[in-house]
Amino acid sequence: MKKILIIILTLMLLFSAVPTVFGQDVESISIEREIGFTTSDIMGLEKYISVNKKGFFELDYLLAVRDNIQKELLEGQQNYFNELNKLIAENKLIAFPDLTIKSNIKDQLDLNIQLNKSSCDGVTKPTEYHWWGYSRLLDSCNANGLAADLAGAASISAGAAVIAGIFGGVAAVPPGIAAAYWGLVSARIYANNSHSTGIYFGMTWVYVFNIEPQ
């Protein structure tokens, strides 16, 4: 009888833990499948990237092709570098040999919910630029506002406009994303802000997101 009780209790604990862990995994996998590339695919390009003497990003395309890196991935990375290099030429960004980037761009975030700042937990900080994409910290109010806006996005362009409003302009949306994609991102924001801590919100140029509690 005791053995049966132990087995039942163990199963109850196991299944009570599965929805949260499994749900997060499913959302992450679904988002990457929607795009076609993973975060690992993007980060694997780092060894082919450098900043030249003039301060612009360069991609060793030929070496990457010889290493059997997908041309579609390389073309997307190069297109993103074209955008970064344009901002560097305008002195809005400064790139360093270690691939880090300093931004001189004034933060454009303008959300009405910031008016209630005293009730918001966590912090909101300006967008940070990276060779792989963008990131920023959002307080609990801004995080919930972003999640609500994305949940209500009825088209790809509507969701992309919301994301651009958060990061202050982003790379073009890659083909293959369905409108339902924004619902997945919204769910991850709500889940990671469930304790009103605010979130870390990172996005690669290919629109794969990394969302974590602050």
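Across the stretch 181-203, the qualifying residues are those that are among the aromatic types (Phe, Trp, Tyr) and either open to solvent by 50 Å² or more (accessible area, probe 1.4 Å) or without any contact (Cβ under 8 Å) to a residue 60 or more places away in the chain (or both), and the one among them that is nearest to residue 119 (Cα to Cα) is 190. Selection of the stretch 138-157 for residues being among the small types (Gly, Ala, Ser), touching a residue at least 24 places away in the same chain (Cβ under 8 Å) and not in a loop (DSSP other than H, G, I, E, B) yields 140, 143, 145, 147, 148, 151.
Quick one: which residue in 158, 178, 172 is modelled with pLDDT of 90 or more and open to solvent by 30 Å² or more (accessible area, probe 1.4 Å)?
Values: 178 fails: modelled with pLDDT of 90 or more; 172 fails: modelled with pLDDT of 90 or more.
So the residue among 158, 178, 172 that is modelled with pLDDT of 90 or more and open to solvent by 30 Å² or more (accessible area, probe 1.4 Å) is 158.
Just to be sure before I move on: is residue 114 at pLDDT below 90 and in contact with a Ser or Thr (Cβ under 8 Å, 6 or more places away or on another chain) in the structure I sent? Walk me through it before giving the result.
Values: at pLDDT below 90: yes; in contact with a Ser or Thr (Cβ under 8 Å, 6 or more places away or on another chain): yes.
Yes: the conditions hold for residue 114.
Count, please, the residues in the stretch 49-59 that happen to be in contact with a Phe, Trp or Tyr (Cβ under 9 Å, 6 or more places away or on another chain) and either over 26 Å from residue 210 (Cα atoms) or touching a residue at least 24 places away in the same chain (Cβ under 8 Å) (or both).
Step one: of the stretch 49-59, the residues in contact with a Phe, Trp or Tyr (Cβ under 9 Å, 6 or more places away or on another chain) are 49-51, 55-59.
From the residues that got through so far, the ones that are either over 26 Å from residue 210 (Cα atoms) or touching a residue at least 24 places away in the same chain (Cβ under 8 Å) (or both) too are 49-51, 55-57.
Total meeting the criteria: 6.
Can you tell me which residue within the stretch 204-214, out of those that are over 16 Å from residue 36 (Cα atoms) and either at pLDDT below 95 or of a type outside the set (S, T, N, Q) (or both), is surrounded by the fewest Cβ atoms within 10 Å (Cβ to Cβ)?
Residues of the stretch 204-214 over 16 Å from residue 36 (Cα atoms): 211-214.
Keeping just the survivors that are either at pLDDT below 95 or of a type outside the set (S, T, N, Q) (or both) gives 211-213.
Working: 211: 25, 212: 11, 213: 16.
This residue is 212.
The values are calculated or read from the model by the stated rules, or taken from the named source; none is laboratory data. Nothing here was measured: the structure is a model prediction, and the numbers come from that model. Don't worry about glycine lacking a Cβ; one is built from the backbone with ideal geometry, like all the others, and counts go over all protein chains shown. All accessible areas refer to the heavy atoms of the entire protein, side chains included, with ligands and DNA or RNA removed. Shrake-Rupley method; radii C 1.70, N 1.55, O 1.52, S 1.80 Å.
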